[in-house]
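Below: one structure, written as structure tokens.
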Amino acid sequence: MLGGGGREHALAWKLAQSPRLGKLHAVPGNPGIAEHALCHAIDLTDHDAVIALCDEERIDLVVIGPEAPLVDGLADTLRGSGISVFGPSQAAAQLEGSKGFTKDLCARAGIPTAAYLRTASRDEALSALGRFGLPVVIKADGLAAGKGVVIAETTDDARAAIADMFGGQFGGQFGGAGAEVVIEEFMTGEEASFFALTDGATIVPFGSAQDHKRVGDGDSGPNTGGMGAYSPARVLTPDLESEVLTRIIAPTVQAMADAGMAYSGVLYAGLMLTAEGPRLIEYNCRFGDPECQVLMLRLESDLIEVLSAVADSWLAAIAPPVFSPQPALTVVMAANGYPGTPQKGGMIAGLADAERDGAKVFHAGTLRDDQGVLRASGGRVLAVSVCAPSVRAARDAAYRAVDAIDFPQGFCRRDIGWREIAREAE
Ligand code: AMP
Ligand code: GLY
């Protein structure tokens, strides 16, 4: 298991339930993952060190959690050494790593998405603005940790965003962000996330979710990696889901195979449910965080079998994954200051109390200090997760668990699930 956030704790927790598991190792892991795995302090950019660990421990399957090592080609390096990997190749991970790549692929394959212009020229970007109306969406190409998207309400804001992106504000870290921009038509509708597993040929739906991206109650304040989520996304009805599979996911997998970069792993489609039907906002090449936490709570199938079948291309041979019909909901507890500069070191206690009534607390940015005290070490710190007969019941139980946790330097949103709970009440 590679990674050390809440998503990876959820995956490790589920992998640990598999009767097929020999021994679970994690790089770098976190204190929650350490309950299920032996954690190794290895830098994921050091591919040789990761391979050496796999050889030493005779690892049968490597599960890559985050996008950065995928975009960095770690799956290719591992496969090159004969190791089975869950996660796409560097070429295939362009679906997340390059917005322009994905938009061009959608255009070629006729996949419904926002109209766009991809350009490396600041002048072309500026002069094209008039074609898009307002608001208009400006995106830096490349991974920008969620910060490369600006929804401009005025032409002045749009011009400023373009200037920033070409000025290199988002450039550098991953080598490409800022060198190109994508300008997009603004789509309206409700957002939902859909997950599909594929080994490059067979495609298997793997659940849906909705998350809460803004930091504050009532969807206020700046964007974050996600302050909470629930699964399933009931707005994505079975009819819409099959439309997404046939019009968006299947043509993508086919186009990737045709281009000689077959996609193997989880394809996470961010969708806008517009009046004209579902349209693709973007792809991610890994599970969502915290969407993965709610998917894993609902998953009843053996995760090792499922991920191995993807990694070794026998997805057609396994029974389709089964999820509990009950919804799951997760509330993220973040360190004060997030998503700006989160306070590090805040003490955390009460997790056993929080889990007493069936909640599961996944660790994200936590560490144990020399005295064994659990402390905050990142922006998003915990994901307090519950599976229950209704979203309202899951929310109530999740907040009871949140209230049992002693984390004075942390906060959470108090309205996770509001949209779905309002629908349940209809
Ligand atoms: P992304 O980083 O591409 O996921 O974009 C972040 C967020 O910006 C999405 O979750 C949407 O809320 C919003 N967004 C991105 N592209 C569009 C678009 N073309 N129309 C409307 N909203 C968008
Ligand atoms: N929660 C959104 C993401 O993982 O990208």
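The values are calculated or read from the model by the stated rules, or taken from the named source; none is laboratory data. Please read these numbers as outputs of a predicted model, since none were measured by experiment. As a convention, Cβ positions derive from the backbone with ideal geometry for all residues, glycine included, and neighbour counts pool all protein chains shown. Note: areas computed on protein heavy atoms with side chains; ligands, DNA, RNA excluded. Shrake-Rupley method; radii C 1.70, N 1.55, O 1.52, S 1.80 Å.
Miscellaneous remarks
- Scanning the stretch 191-202 for residues that are open to solvent by 50 Å² or more (accessible area, probe 1.4 Å) and either touching a strand residue (DSSP E or B) at 6+ places or on another chain (Cβ under 6 Å) or within 13 Å of ligand 1 (Cβ to nearest atom) (or both) yields a single hit, GLU191.
- Among the residues making up the stretch 53-70, those that are open to solvent by 40 Å² or more (accessible area, probe 1.4 Å) and in a helix (DSSP H, G or I) are ASP55, GLU56, GLU67, ALA68.
- Extreme residue, nearest to GLY5 (Cα to Cα), among residues of the stretch 204-214 that are more than 10 Å from ligand 2 (Cβ to nearest atom) and surrounded by fewer than 21 Cβ atoms within 10 Å (Cβ to Cβ): ARG214
- Residues in the stretch 375-385 that are in a strand (DSSP E or B), touching a residue at least 60 places away in the same chain (Cβ under 8 Å) and open to solvent by 10 Å² or more (accessible area, probe 1.4 Å): ARG380 alone.
- Picking from residues in the stretch 215-227 that are in contact with an Asp or Glu (Cβ under 7 Å, 6 or more places away or on another chain) and closer than 19 Å to GLU67 by Cα, the one that is surrounded by the most Cβ atoms within 10 Å (Cβ to Cβ) is GLY226.
- Residue match in the stretch 339-358 (condition: in a strand (DSSP E or B) and buried (at least 20 other Cβ atoms within 10 Å of the Cβ)): no
- Condition check for ASP396: free of Cβ contacts under 8 Å to residues at least 24 places away in the same chain, under 23 Å from ARG214 (Cα atoms) and not β-branched (Val, Ile, Thr): yes
- Looking at VAL244, VAL181, just one residue is open to solvent by less than 60 Å² (accessible area, probe 1.4 Å) and at pLDDT below 95, and that residue is VAL181.
- Number of residues in the stretch 21-42 that are in a loop (DSSP other than H, G, I, E, B) and open to solvent by 60 Å² or more (accessible area, probe 1.4 Å): the value is 3.
- Of everything listed in (1) closer than 15 Å to HIS25 by Cα; (2) under 19 Å from the mean Cα position of the chain (by Cα), the single unmet condition for LEU53 is (2).
- Checklist (1) in a helix (DSSP H, G or I); (2) at pLDDT 95 or above; (3) open to solvent by 40 Å² or more (accessible area, probe 1.4 Å) applied to THR188, failing item: (1)
- Residues in the stretch 248-258 that are touching a residue at least 24 places away in the same chain (Cβ under 8 Å), over 17 Å from GLU96 (Cβ atoms) and either crowded, with 23+ Cβ neighbours inside 10 Å or over 22 Å from the mean Cα position of the chain (by Cα) (or both): GLN254, ALA257.
- Some residue of the stretch 81-103 being on the phi > 0 side of the Ramachandran plot, without any contact (Cβ under 8 Å) to a residue 12 or more places away in the chain and away from ligand 1 (no atom under 15 Å from the Cβ): yes
- Positions within the stretch 259-306 being assigned to a loop (DSSP other than H, G, I, E, B), within 25 Å of SER324 (Cα to Cα) and open to solvent by less than 10 Å² (accessible area, probe 1.4 Å), in sequence order: CYS285, PHE287, GLY288, PRO290
- The stretch 307-323, subset of a type outside the set (A, V, I, L, M) and exposed (fewer than 14 other Cβ atoms within 10 Å of the Cβ), residue nearest to ligand 2 (Cβ to nearest atom): PRO320
- Among all residues of the stretch 124-136, there is none that is among the β-branched types (Val, Ile, Thr), at pLDDT below 95 and in contact with a helix residue (DSSP H, G or I) (Cβ under 7 Å, 6 or more places away or on another chain).
- Some residue of the stretch 100-110 being part of a loop (DSSP other than H, G, I, E, B) and surrounded by fewer than 21 Cβ atoms within 10 Å (Cβ to Cβ): yes
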